[in-house]
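Student: There's a structure below that I have some questions on.
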């Protein structure tokens, strides 16, 4: 193996000689990859095709020992370091240019204890991996809605999905974690051990170390759930959203309804003439008794003139993959996001107006209903602090070619600007792009100073800076 120049955290080249590289390689059970090696391009590729970065070195880890070796090597040489789990983060911070990439995507084990209703999960696992293993025992915990998402990044930013109204954020169900800190040590973090670190990783992102093992509380779910879609034309959207706003106030926690405004994909239950037209869809989910669920979601079927609907019992794992075809890897993505405590008439009008000018058939605006159990912990209970959010809004710019970049990003930014007066000012950190540094403090919320203190303790040199970064300070 030849010597190589790798960038340090300040962007200056560091010469790593062949002997040091061979020593690192021989210390690994996984692989040390350089540009041109088989597997290098796969390791550096992430979900968002707008991100095309080339690290100088990749450590493809297969166990905790590999993570320890990679972190110690990075620290010894003060290298620019990125950490990749599922590689689904919109900002693309899982990969760096010219630095060291620590790739965890091969570490995908999920070990379920059905008696204790607990799962131990490695950091490369996807939601599909997690759901598959847990549902073998009729168990689950709140995670996201796209099965290719990585469990690590989702959890470290807070995490929410169909089960969150019942069981809280993903971080509310994290019992413990093993964390490799910047000094190359493995720490156990829980309420009782290293509680400041445990608090910080529950919403503070990857700023404090690399989680090599997550321990989650599980809950009985499924194996079948009542779920599906009800679709209306965009002309009904404003009235439907006002009815939805009132309907949400009547819901029990075991029912969740999200709504998305976009062009209709070619869903088989929609008439062909509806395909490609602007619609509003309500995505319904009920995890309890199916008959009670049918009664709970019945009002959603009367928000206007239904263009098509598909509601029924299906496996929870299948519902978790329902939206995968709309969120495939390899397409260009740019997002903007707001939290809303309520949907005002003005906010509804802004959303409907934006959907009249979609720049791509893949662009959409969704309002993910949270509330319920997500609002009950104190804002200070975890680093994720946005307990006032009833809706998390994602302006999902998505398109296929670089020629569309300017138009699609401008559309997303325009909606974001116009909707801002009606939002809380908070934002879900996992939906931040890499051009919003001014929103980082808003994303982390009132606990930001406490996060800085944790950063000073566990990563004072800011080795873990490829994230929505909390800089060490006073």
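Student: Out of all the residues in segment 86-111, which are under 22 Å from the mean Cα position of the chain (by Cα), in contact (Cβ under 8 Å) with a residue 24 or more places away in the chain and over 24 Å from residue 399 (Cα atoms)?
Tutor: Of everything in segment 86-111, those that are under 22 Å from the mean Cα position of the chain (by Cα), in contact (Cβ under 8 Å) with a residue 24 or more places away in the chain and over 24 Å from residue 399 (Cα atoms) turn out to be 101, 102, 103, 104, 105, 106, 107, 110.
Student: Of these, 3, 26, which one is over 28 Å from the mean Cα position of the chain (by Cα), modelled with pLDDT under 95 and surrounded by fewer than 16 Cβ atoms within 10 Å (Cβ to Cβ)?
Tutor: Criteria check complete, one pass: 3.
Student: Which residues, counting only those in segment 279-297, are outside any helix (DSSP H, G or I) and either assigned by TED's automatic domain parsing to the domain that holds residue 145 or crowded, with 22+ Cβ neighbours inside 10 Å (or both)?
Tutor: 279, 280, 281, 282, 283, 284, 285, 286, 287
Student: For segment 345-360, which residues satisfy the criterion of being surrounded by fewer than 16 Cβ atoms within 10 Å (Cβ to Cβ), in contact (Cβ under 8 Å) with a residue 60 or more places away in the chain and either touching a strand residue (DSSP E or B) at 6+ places or on another chain (Cβ under 9 Å) or not in a helix (DSSP H, G or I) (or both)?
Tutor: Once the filter is applied, which keeps residues that are surrounded by fewer than 16 Cβ atoms within 10 Å (Cβ to Cβ), in contact (Cβ under 8 Å) with a residue 60 or more places away in the chain and either touching a strand residue (DSSP E or B) at 6+ places or on another chain (Cβ under 9 Å) or not in a helix (DSSP H, G or I) (or both), segment 345-360 yields only 356.
Student: Pick out the one residue from 231, 191 that is without any contact (Cβ under 8 Å) to a residue 60 or more places away in the chain and touching a helix residue (DSSP H, G or I) at 6+ places or on another chain (Cβ under 8 Å).
Tutor: 191
Student: A follow-up question, please. Given the conditions (1) over 25 Å from residue 51 (Cβ atoms); (2) surrounded by fewer than 23 Cβ atoms within 10 Å (Cβ to Cβ); (3) touching a helix residue (DSSP H, G or I) at 6+ places or on another chain (Cβ under 7 Å), which single one is not true for residue 118?
Tutor: Every condition holds for residue 118 apart from (3).
Student: I would also like to ask the following. Might you check whether a residue that is assigned to a loop (DSSP other than H, G, I, E, B), surrounded by fewer than 21 Cβ atoms within 10 Å (Cβ to Cβ) and either outside the structural domain of residue 25 (by TED's automatic domain parsing) or out of contact with any helix residue (DSSP H, G or I) (no Cβ under 6 Å at 6 or more places or on another chain) (or both) occurs anywhere in segment 74-86?
Tutor: Yes.
Student: Report the residue count in segment 6-23 for those that are outside any strand (DSSP E or B) and surrounded by 12 or more Cβ atoms within 10 Å (Cβ to Cβ).
Tutor: Looking only at that region, the number is 6.
Student: Filter segment 262-278 for residues that are outside any loop (DSSP other than H, G, I, E, B) and either touching a strand residue (DSSP E or B) at 6+ places or on another chain (Cβ under 9 Å) or closer than 21 Å to residue 391 by Cα (or both) and give the result.
Tutor: Passing the criteria: 262, 263, 274, 278.
Student: Pairs under 8 Å by beta carbon, first residue free of Cβ contacts under 8 Å to residues at least 60 places away in the same chain in segment 326-341, partner outside any helix (DSSP H, G or I), six or more apart or different chains?
Tutor: If the second residue must be outside any helix (DSSP H, G or I), no pairs are left.
Student: Going by what's in this entry, would residue 228 be described as at positive phi, crowded, with 18+ Cβ neighbours inside 10 Å and in contact with a strand residue (DSSP E or B) (Cβ under 6 Å, 6 or more places away or on another chain)? Spell out the reasoning first.
Tutor: Working: at positive phi: yes; crowded, with 18+ Cβ neighbours inside 10 Å: yes; in contact with a strand residue (DSSP E or B) (Cβ under 6 Å, 6 or more places away or on another chain): yes.
Answer is yes for this residue.
The values are calculated or read from the model by the stated rules, or taken from the named source; none is laboratory data. Keep in mind that this is a model prediction, so the values were computed, not measured. We place every Cβ from the backbone using ideal geometry, glycine too, and count neighbours over all the protein chains shown.
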